[in-house]
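Comments concern the structure below.
The values are calculated or read from the model by the stated rules, or taken from the named source; none is laboratory data. The structure presented is a predicted model; accordingly, all values stated were derived computationally and were not measured. Because the Cβ atoms are built from the backbone with ideal geometry, glycine has one as well, and the counts that use them run over all protein chains shown. Only protein heavy atoms, including side chains, enter the accessible area calculation; ligands, DNA and RNA are left aside. Shrake-Rupley method; radii C 1.70, N 1.55, O 1.52, S 1.80 Å.
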Amino acid sequence: MPQLLEGKTALVLGVANRWSIAYAIAQAFRREGATLLITYQGDRQKQTVEELGQELGASKILNCDVTKDEEIAALAAMLHGEGVRIDTMVHSIAFANKEDLSRPFVETSRAGFALALDVSAYSLVAVAKAMAPLMTAGGSILTLSYLGAVRVVQNYNVMGVAKAALENCVRYLANDLGGAGIRVNAISAGPIKTASARGIKDFSKVLDGVAAMAPLKRNCDAAEVADTAVFLSSDLGRGVTANVVYVDAGFQAVGLGL
Ligand code: NAD
Ligand code: IMJ
């Protein structure tokens with residue numbers, strides 16, 4: 001098989017550890033011949049992500065906390081200064097306060113709401129604005145969403161509201177950037193046991209429920225999400241923009257899965 005991302009440079013945001021969906025995407029991008037640039041969120045993650053980046057054969061491992069405009073600007077300026085062209089960018093980032101993912105949604109505070117939407121939705125706009133000028137040959141921007149954007153999912157709460165905003169950001173960004181040949185899409189992934197899923201109450205019940213009800217009668221893994229990310233980032237996805245692609249074993253289509 002030919003390598004699908006040969007000659008392309010990929011910027012991947014959201015690798016925290018080996019279980020991160022972004023790690024699986026970076027692995028698949030590397031397999032398909034991409035040059036990898038990966039970022040980490042602040043000094044606390046630096047060492048781990050540098051080690052993972054080396055294993056992945058990343059050519060740059062860079063700091064970027066997406067809540068900080070100056071860090072996003074510094075990243076873009078550094079890449080621009082080195083004459084780097086970006087072909088594909090992956091945003092695999094979300095955060096809400098833990099208490100907002102367990103108490104009733106109606107109790108969400110103003111600050112908790114603002115934080116979840118800032119990190120999980122606005123940050124896509126911020127990085128798209130900064131990196132689009134580096135996508136001089138057109139390109140692809142991809143983010144990760146979840147079914148809780150469009151349905152009520154127990155405990156997902158303010159994150160569901162943030163994902164709804166994120167999915168609409170995908171459509172508006174796709175419309176603004178389409179003229180420059182930049183496509184913007186989301187993958188809505190089924191539940192996967194990552195750091196962002198650990199500690200979520202009843203997460204194994206969520207996994208079991210999906211396996212019982214989904215058309216494929218199983219869960220999806222990060223490697224399957226990553227292969228769809230390859231497709232969307234490659235020339236094979238050239239006609240696809242402003243879309244939300246479900247990689248969820250078909251669960252989203254099921255009404256009552258007895
Ligand atoms: P993860 O914890 O490995 O990834 C979340 C990432 O967000 C981490 O790398 C973290 O460093 C980063 N992040 C948080 N705040 C940041 C900030 N201020 N600046 C920069 N980075 C920041 O977990 P994951 O499951 O791989 O999550 C990745 C994406 O996939 C998220 O958007 C999540 O909502 C989405 N998703 C996850 C699942 C699942 O079940 N795991 C399902 C569907 C969608
Ligand atoms: C998260 C919370 C509640 C239910 C959930 C999830 N379900 C799934 C997730 C059913 C699949 C995982 N997911 C899709 C996420 O987007 C997770 C985001 C997240 C997780 C945490 C945990 C630790 C923390 N803050 C978080 N912020 C966002 O402190």
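The table below lists the values:
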read-out: Accessible carbon and sulfur surface of the chain relative to its total accessible area, %, 1.4 Å; value: 54
read-out: Accessible area in the full protein assembly, largest first, 1.4 Å probe, for 113, 251; value: 113, 251
read-out: For residue 40, distant residues with modelled amide H under 5 Å away; value: 62, 63, 64
read-out: Probe 1.4 Å, protein heavy atoms only - accessible area per residue of region 47-188 in square angstrom; value: 45
read-out: Separation in nanometres of the label points that stand 7 Å from Cα toward Cβ, at residue 197 and residue 19; value: 0.9
read-out: Estimated FRET transfer efficiency (residue 80, residue 168; beta-carbon r; R0 25 Å; 0.05); value: 0.30
read-out: Local electrostatic count at residue 30 - Lys and Arg +1, Asp and Glu -1, tallied over other residues with Cβ under 12 Å; value: -1
read-out: Residue 236 paired with residue 109, simple spin-label distance in nm, labels 7 Å along Cα-to-beta-carbon; value: 4.6
read-out: Fraction of antiparallel bridges per DSSP, the chain only, in percent to nearest 5; value: 0
read-out: Nearest 10 degrees, 0 to 90: helix 69-81 Cα axis against the chain principal axis; value: 40
read-out: In Å², nearest 10: area of residue 85 left accessible to a 1.4 Å probe; value: 100
read-out: For the chain, with +1 on Lys and Arg beta carbons and -1 on Asp and Glu, the positive-most of 257, 184, 33 along the dipole; value: 257
read-out: Entries in 8/98; 129/201; 98/205 that, when Cα-Cα distance is taken, lie over 30 Å; value: 8/98; 129/201
read-out: Förster-model FRET efficiency, 22 Å R0, residue 31 and residue 51, C-beta, rounded to 0.05; value: 0.70
read-out: Percent of Cα pairs exceeding the 18 Å cut-off, where the set is region 131-196; value: 44
read-out: Under 13 Å from the residue 254 label point (7 Å along Cα→beta-carbon), backbone N, region 208-223; value: 208-220
read-out: Candidate residues 92, 234, 109: accessible-area rank, largest first, probe 1.4 Å; value: 109, 92, 234
read-out: Surface accessible to a 1.4 Å probe, per residue, for the residues of region 218-258, Å²; value: 50
read-out: Heavy-atom accessible area order for 205, 68, 193, largest first, 1.4 Å probe; value: 205, 193, 68
read-out: Amide hydrogen neighbours beyond the local backbone of residue 245, cut-off 5 Å, H modeled; value: 186, 187, 188
read-out: Helix 203-213 axis, angle to the chain major axis (alpha carbon atoms, nearest 10°); value: 80
read-out: Anisotropy class of region 100-258 from Cα gyration tensor, a/c 1.5 cut; value: oblate
read-out: Acute angle (nearest 10 degrees) that the helix 21-31 long axis makes with the longest principal axis of the chain, alpha-carbon atoms; value: 40
